[in-house]
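Colleague: Pasting a structure here, questions to come.
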Amino acid sequence: RRDGIRPPPPRTDVEASEPPTKKKREAQLLHMRQVRSQGIDPNGRPRSAGALSPVPNKNPRVARKAQTASKIIVSAFHQPTAGGERKSPPRPRRLARRRTEAEPSQQDTDVTPPQIPQQNRKPSHHRMAPPPRHLLLLPVLLLVSLLRAAQMETVHAAAGEGDRDEGARALLALLQRVQSEALRALGPRDFDPKLYVDLPLAPGADRAAAEAALATVTTRGEMEAFLARYFARAGSDLVEADPPDFEAEPRGFLPRVASGEARAWALQVHALWKDLARRVAPSVAARPDRHTLLPLPGRVVVPGSRFREVYYWDSYWVVRGLLVSKMYDTAKDIVLNLVYLVEEYGFVLNGARSYYTNRSQPPLLSSMVLELYTATGDLGLVRRAFPSLLKEHSFWVSELHNVEIMDNHGRLHNLSRYQAMWNKPRPESATIDEELASKLNSTAAKEKLYHQIASAAESGWDFSSRWMSNSTDMTTLVTTFVIPVDLNTFICKVRWNGT
Ligand SMILES: OC[C@H]1O[C@H](O[C@H]2O[C@H](CO)[C@@H](O)[C@H](O)[C@H]2O)[C@H](O)[C@@H](O)[C@@H]1O
């Protein structure tokens, strides 16, 4: 559909016996369009004032602030009623107005802070003499701003942008400038913007000096000399690491493949593990402000070529392949690296780079744990991963991703969609995103496009026409307005995997 909204969910048997009338179907589609908007602040972080925070916080100062704010909010939502009972927290807010246009409405796409629902205010008969209206609003405004401040800091810290990451942020900003200057000095031919944000500072090089030197670069030669002086090779902060559990032809390898030719090919593919296995260099954990690569505790397997870091959903197929290759220890390291990311950030990042902290990728961690457990019976791994699987599930059903829809029987369903915490160009593709957005006139329209681009990248399907309302025009991305059946299946499977 033009608005990117998919057909309604499958009908139940009862509904199936009664084909919906045109009117009923129209009503159904209208309900489907009632996608709740999550405001995104100018820094690309959600403005949501919901009690559910998508990410935990390790910073005690922020955690304390968030706790205080949520206590205030909870008590605001639990005003005693006339009979002395306590009210339950309100249901998530849904759009009140129905639309008839095919496109997402202004209401859906506007960046608006959520409102405190009317029913949570104290009923007027509880008051002796009503104070002036502006005084009544003060506590509400205070609550909203307290929660907003705490939540911004929560997301801030979880997105790797807290105090401790100040240096890493400054490096990424510098590398993005290098990327844009390199495009100008070297030209668009064979230009890969990702290369520049993957550069580590060279040993002994100073970031501030590099910043100053960049300002003097104009020609191709100067740019090449600048890069050679201040930066090490992209990917040099990963060291090759022969996986100890690799065998050229493991016992029991693909027992049902009889053809000699097919076996030889499969063994060549199997041998690729040695090319793709790495370890993050110790210097990355020691000086995170000199690398965009993030430290990981175990051995890693990278996709290869320009993808010099771990990716979330690629790891699912990597793990399945490693199990075929009988490389159980390497597969376990890969799963534990992802568990570590959940522990650090509250969700599995799109990839292990500082510029991937604003989004995830299709949630397949629990399937990896299940595959590994089925192959090895390693219950210790399941125990170790379990809290992170619960945490990750909360992230995917939190307000950031949740959409409440109503079926044609008036029943509410909670589903999820992709939504990144970002509304700027993706640092790894900033020059490309900026060029695309240059077709749009206003800053607001550009920010909306950047948000939809990053959300499509969260899906791993970047960039499929499934996220576009006009399949030949990338500026019509409407990722957050699509309720993807595959994402919701993955989330369902997280629960089934646990049973
Ligand atoms: O194989 C790794 C991933 O490669 C593609 O996406 C990644 O690259 C994009 C830019 O170069 C980036 O914006 C995106 O967030 C990355 O995931 C591919 O589309 C992914 O499916 C794949 O996991």
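Colleague: Taking all protein chains together and a probe of 1.4 Å, list ARG207, ARG308 from the most accessible to the least accessible.
Modeller: So, going from the largest accessible area down, we get ARG207, ARG308.
Colleague: Right, next: Where does each of THR431, THR376 land when they are ordered by accessible area, with a 1.4 Å probe and the largest first?
Modeller: Reading off the accessible areas and sorting them downward yields THR376, THR431.
Colleague: I'd like the accessible area for THR480, computed on protein heavy atoms only with a 1.4 Å probe and all protein chains in place. Round to 10 Å², please.
Modeller: 10
Colleague: So how do LEU341, LEU336 rank on accessible area, 1.4 Å probe, biggest first, that is with the largest at the start?
Modeller: Greatest to least solvent exposure: LEU336, LEU341.
Colleague: Can you tell me the accessible area per residue over the range 161-237, all protein chains present, probe 1.4 angstrom, in square angstrom?
Modeller: 50
Colleague: In whole Hz, what ³J(HN,Hα) sequence does the range 458-464 give by Karplus (6.51, -1.76, 1.60; θ = phi - 60°), x for Gly and Pro?
Modeller: Result, ordered by residue: 4, 6, x, 9, 9, 10, 8 Hz.
Colleague: Put +1 on the Cβ of each Lys and Arg and -1 on the Cβ of each Asp and Glu in the range 161-237; which of LEU214, LEU174, ALA185 then has its Cα farthest toward the positive end of the dipole?
Modeller: Comparing the listed Cα positions along the dipole, ALA185 ranks first.
Colleague: Also, quick follow-up: Only loop residues by DSSP count here, and only those with at most 15 other Cβ atoms within 10 Å; note down the GluC sites (Glu not before Pro) in the range 225-324 that meet that.
Modeller: Those that pass, being in a loop and sparsely packed, are GLU247.
Colleague: Name the residues whose placed amide hydrogens come within less than 5 Å of the amide hydrogen of ARG353, ignoring near sequence neighbours (fewer than 5 apart) on the same chain.
Modeller: Hits under the 5 Å cutoff: LEU294.
Colleague: So, one more: Out of residues 5 or more away from SER416 or on other chains, whose amide H comes under 5 Å of its own, with H placed 1.01 Å from N in the peptide plane?
Modeller: VAL403
Colleague: Per residue of the range 206-217, in order, report the coupling 6.51 cos²θ - 1.76 cosθ + 1.60 (Karplus, θ = phi - 60°) as ³J(HN,Hα) in whole Hz, putting x for Gly and Pro.
Modeller: Here the 3J(HN,Hα) series is 10, 5, 5, 5, 5, 4, 5, 5, 4, 5, 9, 7 Hz.
Colleague: Multiply the residue separation of ALA212 and ARG263 by 0.36 nm, subtract the distance between their alpha-carbon atoms, and state the gained length in nm to one decimal.
Modeller: Residue separation times 0.36 nm, minus the Cα-Cα distance, leaves 12.8 nm.
Colleague: Shifting gears a bit: How do 388-397, 462-471 rank on mean C-beta neighbours within 10 Å, highest first?
Modeller: Ranking, from highest mean packing down: 388-397, 462-471.
Colleague: Tell me, what ³J(HN,Hα) does each residue in the range 271-288 have, in order and in whole Hz, if you take phi through Karplus 6.51 cos²θ - 1.76 cosθ + 1.60 with θ = phi - 60° and put x for Gly and Pro?
Modeller: 5, 5, 4, 5, 6, 9, 7, 8, 10, 6, 4, x, 4, 5, 5, 5, 9, x
Colleague: Can you send over the solvent-accessible area of LEU272, 1.4 Å probe, protein chains only, in Å² to the nearest 10?
Modeller: 80
Colleague: Further question: Rounded to the nearest 0.05, what FRET efficiency do SER471 and ARG306 have when you use their Cβ-Cβ distance and R0 = 30 Å?
Modeller: After rounding, the FRET efficiency stands at 0.70.
Colleague: With every protein chain left in place, what is the accessible area per residue of the range 402-497 in square angstrom, probe 1.4 Å?
Modeller: Per-residue accessible area for the range 402-497 comes out at 40 Å².
The values are calculated or read from the model by the stated rules, or taken from the named source; none is laboratory data. The structure displayed is predicted, hence computed values, not measured ones. Virtual Cβ from ideal backbone geometry, glycine too; neighbours counted across all protein chains shown. When the accessible area is computed, the model is the full protein with side chains, heavy atoms only, and any ligands, DNA or RNA have been set aside. Shrake-Rupley method; radii C 1.70, N 1.55, O 1.52, S 1.80 Å.
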